[in-house]
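To start, the structure under review is shown below, and the notes come after it.
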Amino acid sequence: MNDMRLLERAVDQTDIKISARNVQVYYGDKHAIKDVDVDIQDKTVTAFIGPSGCGKSTFLRCLNRMNDTIDISRVEGKIMLDGEDIYDKRVDPVQLRARVGMVFQKPNPFPKSIYDNVAYGPRIHGLARNRAELDEIVEKSLRGAALWNEVKDRLAEPGTGLSGGQQQRLCIARAVATQPEVLLMDEPCSALDPIATSQVEDLIDQLRAEFSVVIVTHSMQQAARVSQKTAFFHLGNLVEFGDTDDIFTRPQDPRTESYISGRIG
Amino acid sequence: MTDATLSAAPAAAPKPRASLLIADERTRKRNAAESRFRAYGLSAIGIALIALVVLLSSVLTDGIGAFRQTYLTLPVALDSARLDKNGNRDPEDIKKATTLTYGKLLDQAVQNTVAQQGIAIAGLTEKDVSDLVSKEASAQLRNRVIANPELIGQTVDARVLVNGRVDGYYKGRVSMDSAARDSNTSPAQLQLADALKDKGLLATQWNWSFLTNPDASDQRPEAAGVGVAILGSLYMMLVVLVLAVPIGVAASIYLEEFAPKNRLTDIIEVNISNLAAVPSIVFGILGLAAFINFAGLPQSAPIVGGLVLTLMTLPTIIIATRAALKAVPPSIRDAALGVGASKMQSVFHHVLPLAMPGILTGTIIGLAQALGETAPLLLIGMVAFVKNFPAAPPEGLFDPASALPVQVYNWTQRADPAFFERASGAIIVLLVFLLCMNILAIFLRRKFERRW
């Protein structure tokens, strides 16, 4: 397995956006993530799958240091974004999060207007010099999140008044507006109905053109539909990582096979 | 497992099917328990309401009299020979005339008026007649003349306070029977008052001066007011507002959002809860030791009262603010951090606005609590008799003043039942203030609460 991964890295070394080496995460005494090595390619959708509690969300939250907000968590190992260790003492997590955006499991728009929701990131990062530029960013982001046509006439209305699927796309627009390089998505469709889910999935496929997308999902069908690379986590270990097609058709590890055929999880 | 259960089910003896129309034993028991609980709840609320009504009605019936006052209107000849011997209207000279002089003028005026109206004064000495007027009346007349020296030499119509017993007679506190046993008044004096009332010279009117007058001495309940107490309480609230709110809110934001969760913060948290439960008189002792004995601040001053009340209110504000901050869903913080906001931006842009209604309510409740606090103020000397109004802040914060709850306490200690009426009146004023603050809290809550 190691050999395979080395080979793969050799092939597309240049495209690697995030590379994690020997990552360990502890929650107090609990060893939540054990020795994970993974390479996330640029302009690719990478899916993390695995049974509940396997650590996939925990690992995702390591990638933009959201785990910092949990006092008892401790991260060891190296996670490199474009060759720089994001856990280096000199790194300001706030700056990092502007480059690695995140969309959460439950839609969590701010209790502000739709416009202000999207404009918040650009405002605090000073991405727009004037109102016109800000308007442009908001429109572009909402278009990017396939939401513009639905909300263009009611930008001043509260973001929390939208439907669940629209709220989640608003959150994606909000994340996109800060012009990140990587977009992390933590089960973005788990609170959505099938139609909203398929809209968000289509959106993820489009976002791939500009960002590297990492998505945690419970649904193997979703992973198969949207991702090019898939990582299977089990009990804190990264069991298998490779092309999505390979993982779902020719899993190397018996645990992966058990999971995708529904025997564990 | 599921299969086993399914296959086992038909094997068991079929349960006789009960009718839905008849409640079974367990349902009846449950329903009875529920209706019992409702009855307990209703009776608890009923008792609370009755207690409230009794309290309010007793305070209102006792205290409403303080807002009405009996006055005698009579012409007073302001003899220039007595008030301004040099005749040059020099303010210094005018001030030399004491209340004693004015008292004599008033005595004369009362006797003249009674004689002019042809009222029989059988059984009353001259002194009894002139005692109809309050001892405070001469001081009020003197103040009027000092403010307006050209009145000297004229005969002015003065509206003067009558004494507390006569005032009490028209408010139902004093009766002919009690007057017969009273060394300060007599039935004949009350009859004289009745006669003056018939002539339209004596009337019981709305009494603004209760809200504006300072306290008065034991012999002059009719002149006592809550003016100094209201001002003192307002000054203290000002100090509490300026100190407790920023400190309390900043401390809670730090503890809730920024401080690491470790042993030290746990200890601090426990101690804040403990401080909220410390008897307020202990804060009074602390204030006496720290602010008066150590820091050398003056006694009876609103600044000291305000500082003590600040210490006392801080835990309340901190606990309320932390609860409000805790109630903000963590997803909002995640959302803000997720788009690259700093901790402080996430708190000030998103968490704080959402917590604002709770913070405001907690703060106002804390202030209201401070407004009604008595015990710590007794220890720092605010119970003293204060007749002079404090100056305007900030200097006025160091002048002696009273406070509303202390004024209530003070008046209930005095012998004359007229002061009991004043105390109840002061309670009404205090309750009105508290009501206003609570209405403000509700209003602000409505205004800032964004349900979207």
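The values are calculated or read from the model by the stated rules, or taken from the named source; none is laboratory data. On a predicted model such as this, the values are computed, not experimentally measured, just so you know. Cβ atoms come from the backbone with ideal geometry, glycine included; neighbour counts cover every protein chain shown. To get the accessible areas, we keep the full protein, side chains included, count just its heavy atoms, and leave off ligands, DNA and RNA. Shrake-Rupley method; radii C 1.70, N 1.55, O 1.52, S 1.80 Å.
Tabulated results
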{"quantity": "Helices (runs of 4 or more DSSP H) contained in segment B:17-116 and holding at least 1 residues over 23 Å from B:A193 (Cα atoms), in contact with a helix residue (DSSP H, G or I) (Cβ under 8 Å, 6 or more places away or on another chain) and modelled with pLDDT of 90 or more", "calculated": "B:25-63"}
{"quantity": "Candidate set: segment B:301-343, residues that are small (G, A, S) and open to solvent by 10 Å² or more (accessible area, probe 1.4 Å); chosen: the one farthest from the other protein chains (Cβ to nearest Cβ)", "calculated": "B:A320"}
{"quantity": "Single residue of B:E373, B:E421 found to be open to solvent by 30 Å² or more (accessible area, probe 1.4 Å) and among the charged types (D, E, K, R)", "calculated": "B:E373"}
{"quantity": "Among (1) away from chain B (no Cβ under 12 Å); (2) part of a helix (DSSP H, G or I), the one test that A:I124 misses", "calculated": "(1)"}
{"quantity": "Helices (runs of 4 or more DSSP H) contained entirely in segment A:154-264, each with at least 1 residues that are within 14 Å of chain B (Cβ to nearest Cβ) and among the β-branched types (V, I, T)", "calculated": "A:164-177"}
{"quantity": "Filter result (within 25 Å of A:E187 (Cα to Cα) and away from chain B (no Cβ under 14 Å)) within segment A:127-148", "calculated": "A:K140, A:L142, A:R143, A:G144, A:A146, A:L147, A:W148"}
{"quantity": "Complete set of residues in segment A:156-215 that are of a type in the set (G, A, S) and either surrounded by 16 or more Cβ atoms within 10 Å (Cβ to Cβ) or without any contact (Cβ under 8 Å) to a residue 24 or more places away in the chain (or both)", "calculated": "A:G159, A:G161, A:G165, A:A173, A:A175, A:A177, A:A191, A:A196, A:S198, A:S212"}
{"quantity": "Condition met for A:M220 (closer than 20 Å to A:R143 by Cβ and surrounded by 19 or more Cβ atoms within 10 Å (Cβ to Cβ))", "calculated": "no"}
{"quantity": "Given (1) within 14 Å of chain B (Cβ to nearest Cβ); (2) free of Cβ contacts under 8 Å to residues at least 40 places away in the same chain; (3) surrounded by fewer than 19 Cβ atoms within 10 Å (Cβ to Cβ), number of the condition A:D85 does not satisfy", "calculated": "(1)"}
{"quantity": "Qualifying residues in segment B:121-133 (those that are in contact (Cβ under 8 Å) with a residue 60 or more places away in the chain and part of a loop (DSSP other than H, G, I, E, B)) - the one surrounded by the fewest Cβ atoms within 10 Å (Cβ to Cβ)", "calculated": "B:A122"}
{"quantity": "Residue check, B:A39 without any contact (Cβ under 8 Å) to a residue 40 or more places away in the chain and open to solvent by less than 100 Å² (accessible area, probe 1.4 Å)", "calculated": "yes"}
{"quantity": "Any hit, segment A:65-75, residues being assigned to a strand (DSSP E or B), under 14 Å from the mean Cα position of the chain (by Cα) and more than 8 Å from chain B (Cβ to nearest Cβ)", "calculated": "no"}
{"quantity": "Elements of type helices (runs of 4 or more DSSP H) contained in segment B:372-452, each with 1 or more residues being without any contact (Cβ under 8 Å) to a residue 24 or more places away in the chain", "calculated": "B:404-412, B:417-448"}
